[in-house]
Amino acid sequence: MAVADVTGEGENELIYGAYYDAVRCQDLSSGKIIWEVSTNSFPFSIVARDVDHDGKPEVFAAASDGGLYAIRSEGELIWTFRSKLPLYNVAIGDIQPCGNLEIACGGIDRNVYVLSSEGKELAHSEVKKVVLRLAVRDMDNDGADEVFVLDGAIYSDLFVEVWGFADSTHKCNYRPK
């Protein structure tokens, strides 16, 4: 689920995954559905951010069919990236320190993918278990965002890995108690 001003009218809208197979954008004050984009699968994670610097946020949805769906603020599908297995999470940041935002996603196939704003795969790295959650932040103040990966399997230990894709380094591991 995400909240962002996708219409450009100065009010935030709610963007969420519909249970049956779509991403919806809904006006918060009226409840009216503004647009709906079919994903043919359940969207597990949704993020809205302006990655192409046009002043309007794009919407990214990681879905159960292995698709990462990129959607224009007007509700038009831009591109789809495919993993062989379901994607659970998506996060956005300046992962390769070039001033542009990149998209990180991951899921059941135990890979974290880094994509350009056009959907081109820039890098990927295998993690120990299933990618449950991702976060992106510059941990060491070097100008490049690191990718924090919470990986694990249900009923087993959780494990956090930190990756620096700008220099292709595995920075550290952390096991919460």
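For Gly164, the conditions (1) at pLDDT 80 or above; (2) under 19 Å from Leu101 (Cβ atoms); (3) open to solvent by less than 40 Å² (accessible area, probe 1.4 Å) all hold with the exception of (1). Does Gly143 qualify as being modelled with pLDDT under 90, touching an Asp or Glu at 6+ places or on another chain (Cβ under 6 Å) and either open to solvent by 20 Å² or more (accessible area, probe 1.4 Å) or on the phi < 0 side of the Ramachandran plot (or both)? Judged against the criteria, Gly143 is not a match.
Residues that are farther than 21 Å from Ala104 by Cα, open to solvent by 10 Å² or more (accessible area, probe 1.4 Å) and without any contact (Cβ under 8 Å) to a residue 24 or more places away in the chain, at least 1 per element: which strands (runs of 3 or more DSSP E) completely within region 13-58 meet that? Lay out the reasoning, then the answer.
Working: elements: 13-18, 22-27, 33-38, 43-49.
In region 13-58, the matching strands (runs of 3 or more DSSP E) lie at 13-18, 22-27, 33-38.
For Gly8, are the conditions met, namely being open to solvent by 40 Å² or more (accessible area, probe 1.4 Å), assigned to a loop (DSSP other than H, G, I, E, B) and either closer than 26 Å to Asp145 by Cβ or small (Gly, Ala, Ser) (or both)? The answer is yes for Gly8.
When Ala70, Ala104, Ala63 are screened for being open to solvent by less than 10 Å² (accessible area, probe 1.4 Å), farther than 24 Å from Asp138 by Cβ and among the hydrophobic types (A, V, I, L, M, F, W, C), only Ala63 passes. If only residues of region 107-120 that are out of contact with any strand residue (DSSP E or B) (no Cβ under 6 Å at 6 or more places or on another chain) and of a type outside the set (Gly, Ala, Ser) are counted, the one that is least open to solvent (accessible area, probe 1.4 Å) is Asp109. Here is the figure for region 96-111: residues that are more than 16 Å from Val47 (Cα to Cα) and under 14 Å from the mean Cα position of the chain (by Cα) total 1.
May I ask you to verify whether Pro86 is surrounded by fewer than 20 Cβ atoms within 10 Å (Cβ to Cβ) and either modelled with pLDDT under 95 or of a type in the set (A, V, I, L, M) (or both)? Answer is no for this residue.
The values are calculated or read from the model by the stated rules, or taken from the named source; none is laboratory data. Being a predicted model, the structure only gives us computed values, none of them experimental. Ideal geometry is used to build each Cβ from the backbone, glycine not excepted, and the neighbour counts take in all protein chains shown. Quick note on the areas: whole protein, heavy atoms, side chains included, nothing else; ligands and nucleic acids left out. Shrake-Rupley method; radii C 1.70, N 1.55, O 1.52, S 1.80 Å.
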